[in-house]
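The values are calculated or read from the model by the stated rules, or taken from the named source; none is laboratory data. Just so it is clear, the model here is predicted, and its values are computed rather than measured. Positions of Cβ are backbone-derived with ideal geometry, glycine not excepted, and every protein chain shown enters the neighbour counts.
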Ligand SMILES: [Zn+2]
């Protein structure tokens with residue numbers, strides 16, 4: 001009899017735990033942040049693996065399935081996922097997660113953006129006319145986003161609003177406790193060349209000069225003449241080229257060899273289904289790679 005009661009209690013408990021907010025994050029950094037802020041009260045599905053190019057993700061049936069059941073979508077935003085997320089949301093036929101609704105959250109909309117007032121526009125071929133969307137490598141902006149995300153989760157689950165706010169505060173203090181160490185890793189850096197402006201927030205946060213981008217314009221692959229002009233401009237100077245795995249084209253290797261610089265491929269995102277620790281490790285990995293230019 002006692003065993004029966006115990007079984008019933010366990011069943012009720014597991015039913016209650018299913019009441020966690022069902023969140024779909026576009027990337028693993030957004031998944032990490034949601035998990036950090038939401039704790040046990042969220043269930044997070046990530047759409048993109050960390051090594052994928054989030055500008056041009058392919059919509060799969062499994063994504064539509066996840067979106068159909070979602071109560072909240074957490075995207076990086078500023079049109080980064082423009083090519084595939086709006087059609088995927090539409091395909092999911094889930095009105096709760098439409099843009100501008102309670103179930104749709106963009107990280108980039110919560111913080112000031114770099115290049116937001118620029119002259120870039122899509123007709124020139126620039127893929128980021130609203131400003132640079134790649135906010136996830138700035139831990140300080142991520143802490144600000146964590147607070148905004150806590151408020152959004154609190155609207156969806158008011159009972160646990162104090163938990164969400166406390167979790168955001170503890171993420172912020174964890175970031176703050178790392179800042180001196182990160183600044184030390186970044187000190188006296190001679191500068192970094194990026195393939196795309198996807199790590200620009202990290203460089204700006206830690207005062208590392210961005211020497212140039214290998215792309216002449218965001219989203220436009222380099223021509224031979226652009227590579228040549230970069231060689232002329234930076235020959236004899238110190239630097240390092242940082243890029244992602246999916247940007248590994250011949251132009252980068254050629255440029256690095258002509259300048260005598262290292263070129264290093266890094267992920268823009270922490271491991272999938274990870275937590276704060278993996279995110280901090282990613283920041284460390286970038287700052288360590290950026291120091292290979294002295
Ligand atoms: Zn981009």
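Cβ separations smaller than 6 Å between residues 6+ apart or across chains give the following pairs from the stretch 248-261 residues that are without any contact (Cβ under 8 Å) to a residue 40 or more places away in the chain to residues that are in a helix (DSSP H, G or I): 251/227; 258/231; 259/234. Residues that are surrounded by fewer than 19 Cβ atoms within 10 Å (Cβ to Cβ) and over 15 Å from the mean Cα position of the chain (by Cα) number at least 2 in the following helices (runs of 4 or more DSSP H) confined to the stretch 12-98: 61-68, 85-92. Pairs under 7 Å by beta carbon, first residue under 19 Å from residue 133 (Cα atoms) and assigned by TED's automatic domain parsing to the domain that holds residue 110 in the stretch 70-98, partner within 14 Å of the ligand (Cβ to nearest atom) and in a strand (DSSP E or B), six or more apart or different chains? Hits for this filter: 81/75; 85/75.
Just one of the listed residues (165, 141) is out of contact with any strand residue (DSSP E or B) (no Cβ under 6 Å at 6 or more places or on another chain), within 16 Å of the ligand (Cβ to nearest atom) and modelled with pLDDT of 95 or more, namely 141.
When you check residue 133 against the structure, is it outside the structural domain of residue 201 (by TED's automatic domain parsing), more than 16 Å from the ligand (Cβ to nearest atom), surrounded by 23 or more Cβ atoms within 10 Å (Cβ to Cβ) and within 22 Å of residue 210 (Cα to Cα), yes or no? It is false that residue 133 is outside the structural domain of residue 201 (by TED's automatic domain parsing), more than 16 Å from the ligand (Cβ to nearest atom), surrounded by 23 or more Cβ atoms within 10 Å (Cβ to Cβ) and within 22 Å of residue 210 (Cα to Cα). Residue 183: at pLDDT 95 or above, closer than 30 Å to residue 35 by Cα and in contact with a helix residue (DSSP H, G or I) (Cβ under 7 Å, 6 or more places away or on another chain), yes or no? Criteria not met by residue 183. Residues of the stretch 209-233 that are in contact with a helix residue (DSSP H, G or I) (Cβ under 7 Å, 6 or more places away or on another chain), surrounded by fewer than 19 Cβ atoms within 10 Å (Cβ to Cβ) and assigned to a helix (DSSP H, G or I): 227, 231.
Among the residues of the stretch 113-129, not a single one is away from the ligand (no atom under 16 Å from the Cβ) and modelled with pLDDT of 95 or more. Being at pLDDT 95 or above and out of contact with any strand residue (DSSP E or B) (no Cβ under 9 Å at 6 or more places or on another chain) holds for only one residue in 254, 262, 233, 277, and it is 277. Give the residue that is nearest to the ligand (Cβ to nearest atom), with candidates limited to residues of the stretch 192-208 that are more than 22 Å from residue 143 (Cβ to Cβ) and not in a loop (DSSP other than H, G, I, E, B). In this case the residue turns out to be 194.
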